[in-house]
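**Q** Sending over a structure as structure tokens; questions will come in a sec.
Quick note: the coordinates plus some simple rules give every number you see, no bench work behind them. What you see is a predicted model, and the numbers here were worked out from it, not measured in a lab. Using ideal geometry, Cβ is built from the backbone for each residue, glycine included, and neighbour counts are taken over all protein chains shown.
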Amino acid sequence: MDPLKWLTQRQQQGNLRCLRPLVRSLGRPPCLAGSQRPCLDFSSNDYLALSTHSQVIARSRQFLEEYGAGSGAARLMSGDLDLHHQLEEEIARLKGQEATLLFGSGYMANTGIIPALMGRQDLIFSDRLNHASIVDGCLLSGARLVRFRHNDMDHLAALLEQKKGRGQPLIVVESLYSMDGDKAPLLELVRLKEKYGCLLLVDEAHATGIFGASGAGLVEEAGIAGQVDLVMGTFGKALGSYGAYVAASRVWIDFLLNRARSFIYSTALPPAVIGASLGALEVVKANPGLGGQLLARAAFFKKCLAAHNLTVESDTQIMPLLIGSSETAMTLAAHLGAAGFFVTAVRPPTVPENTARLRFSVTLHHSEDDLARLAALLQSVLAGSA
């Protein structure tokens with residue numbers, strides 16, 4: 001492959017990626033590096049604003065000073081600290097599962113869990129809009145990958161019927177899809193899982209901390225924790241920290257501890273990160289209304305958009321405005337950036353061809369005034385580009 005030719009083609013298609021560093025400090029809004037102008041970040045997954053919460057920072061600092069900067073090794077060597085078990089126990093309780101295993105990131109979790117569960121004789125049924133980490137985990141497993149139309153349970157049922165008896169089947173979905181902001185039909189997925197004898201893996205990365213009575217996610221909200229085999233999630237979104245986990249029965253966790261290569265061969269999460277995650281869980285437990293506050297703010301933004309004749313389909317904190325053309329999406333994002341709104345234009349291959357979008361991520365960092373101003377600006381910017 002000629003890298004220069006490939007980069008040139010990507011640029012011509014409007015799909016070339018580049019880094020845009022932000023300068024962040026506590027108590028001040030971020031700004032782009034080299035600029036003094038503050039901006040409002042609408043691309044962050046820090047949904048509950050916990051990354052800057054005083055209790056989260058205090059717990060992180062406490063663990064840093066008590067345990068040091070790093071864990072020193074993989075957990076199956078000498079990096080297995082008591083604090084890792086403390087966090088795993090808290091997540092297991094939150095998720096209504098017997099046990100939990102920590103991973104370095106959401107990508108490492110999905111690319112470790114799925115190949116550990118599935119092999120060449122097995123079948124994986126994956127939603128077409130699943131995250132890249134799920135897709136890569138499926139490919140690494142060597143199993144036969146069967147992709148069903150997004151949230152189309154009739155299509156999934158037909159595929160399950162067709163492939164019946166051809167190896168251990170796994171269904172894998174996200175409970176809340178990161179680019180569309182829509183939810184998986186979890187009750188129907190459980191029904192199909194039980195009918196066809198499948199394992200069910202649900203990625204709750206964007207739902208944990210927000211949905212459910214205790215903030216456990218959409219699996220909790222649906223009341224099916226005991227019927228989902230494995231629940232994966234991350235600390236780097238609503239919980240404001242870093243890392244990931246899978247919660248399941250003790251047998252499955254012991255199995256993954258011995259089989260998931262991205263767990264076995266990775267240095268354990270550092271103490272300060274564990275402290276931050278524990279602090280975030282404490283905040284969520286003490287403030288069960290945080291998720292509701294976030295969703296109310298997202299509903300307000302949707303109402304503001306509708307007042308300006310702009311439509312988004314999502315009823316969650318993730319609100320995509322479909323544009324189509326990558327070049328147009330980039331131009332619109334640049335106009336918003338110049339006005340002080342940091343919004344990422346999401347383009348292929350992250351989303352399907354001709355579905356480039358502005359992905360607005362509503363967080364508790366945003367006031368209603370911020371949301372109203374952005375909606376009004378969007379109407380103006382879109383009118384100017386027409």
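**Q** For a quick check of your reading of the filter: which chymotrypsin sites (Phe, Trp or Tyr not before Pro) in segment 200-281 sit in a DSSP loop and have no more than 14 other Cβ atoms within 10 Å?
**A** Working: sites: 211, 235, 242, 245, 252, 255, 263, 265; in loops: 211, 235, 242, 265.
Filter output for segment 200-281: 265.
**Q** If you don't mind, there's one more thing I want to ask. For residue 341, enumerate residues with amide H under 5 Å from its amide H, sequence gap 5+ or separate chain, H modeled in the peptide plane.
**A** 40
**Q** I've got another one for you. Please report 335, 366, 155 as a ranked list, fewest other C-beta atoms within 10 angstrom at the top and most at the bottom. Before the final figure, lay out each step's value.
**A** Working: 335 18, 366 22, 155 15.
Fewest-to-most Cβ neighbours within 10 Å comes out as 155, 335, 366.
**Q** Ok, one more. Have a look at the DSSP beta bridges in the chain and tell me what percent are antiparallel, nearest 5. Please report the intermediate quantities before stating the final value.
**A** On the way: 24 of 43 bridges.
Of all bridge pairs located within the chain, approximately 55 percent are antiparallel.
**Q** Taking the Cα-to-Cβ direction at residue 308 and at residue 13 and moving 7 Å from each Cα, how far apart do the two end points lie in nm?
**A** That separation, rounded to one decimal, is 3.1 nm.
**Q** Does segment 1-121 come out rounded, prolate or oblate by the C-alpha gyration tensor, with a ≥ b ≥ c the root eigenvalues, rounded set by a/c under 1.5 and, if not, prolate when a/b is larger than b/c and oblate if not? Spell out each step's value before the answer.
**A** On the way: a/c = 2.17, a/b = 1.23, b/c = 1.77.
Taking the square roots of the gyration eigenvalues as a ≥ b ≥ c, segment 1-121 is oblate.
**Q** Taking every pair of Cα atoms in segment 68-286, average 1/r, invert it to obtain the Kirkwood radius, and report Rg/Rh to two decimals.
**A** Working: Rg = 16.5 Å, Rh = 17.3 Å.
Using only Cα positions, Rg/Rh for segment 68-286 is 0.96.
**Q** Let me ask something else about it. What distance in nm separates the two pseudo spin-label positions at residue 166 and residue 98, each 7 Å out from Cα along the beta-carbon direction?
**A** Once both label points are built, they end up 3.2 nm from each other.
**Q** Please give the Cα centre distance for segment 298-344 versus segment 109-172, rounded to the nearest Å.
**A** Using only Cα atoms to place each centre, the spacing works out to 32 Å.
**Q** Using the crude model of +1 on Lys and Arg Cβ and -1 on Asp and Glu Cβ, and no other charge, please compute the dipole size for segment 8-85 relative to its Cα centre, in debye to 20.
**A** Details: 9 positive and 6 negative charges, 109 e Å.
Once rounded to the nearest 20, the dipole reads 520 debye.
**Q** Now for a different question. Find the relative contact order for the chain and round it to a whole percent, using C-alpha pairs within less than 8 Å whose residues are 6+ positions apart.
**A** Numbers: 761 pairs, mean separation 88.8, N = 386.
About 23 percent, as a whole number.
**Q** Same structure, new question: Enumerate lysine pairs in the chain that are 8 or more residues apart or on different chains, then count those whose Cα atoms are under 16 Å apart.
**A** Working: 95/285; 163/193; 163/195; 164/193; 164/195.
Total qualifying Lys-Lys pairs in the chain comes to 5.
**Q** Which three extents, in whole angstrom, do the alpha-carbon atoms of segment 5-67 cover along their principal axes, largest first?
**A** 51, 30, 22
**Q** Related question: Can you grab the distance from the C-alpha centre of segment 24-57 to the C-alpha centre of segment 238-260, Å, no decimals?
**A** 29
**Q** Take the Cα atoms of the chain, find their three principal axes, and give me the spread along each one in whole Å, biggest first.
**A** 57, 55, 48
**Q** Can you give me the distance in nm between label points at residue 264 and residue 136, each placed 7 Å from the Cα along the Cα-to-Cβ direction?
**A** 2.0
**Q** When the chain is fully extended, how far beyond the present Cα-Cα distance does residue 334 get from residue 195, taking 0.36 nm per residue of separation? Walk me through the intermediate numbers first.
**A** Working: separation 139, 0.36 × 139 = 50.04 nm, distance 4.94 nm.
Length gained between residue 334 and residue 195: 45.1 nm.
**Q** In addition: Could you work out how much longer the chain between residue 373 and residue 6 gets when fully extended? Use 0.36 nm per residue separation minus the Cα distance between them, nm to one decimal. Walk me through the numbers on the way to the answer.
**A** Values: separation 367, 0.36 × 367 = 132.12 nm, distance 3.89 nm.
Stretched out fully, the residue 373 to residue 6 stretch lengthens by 128.2 nm.
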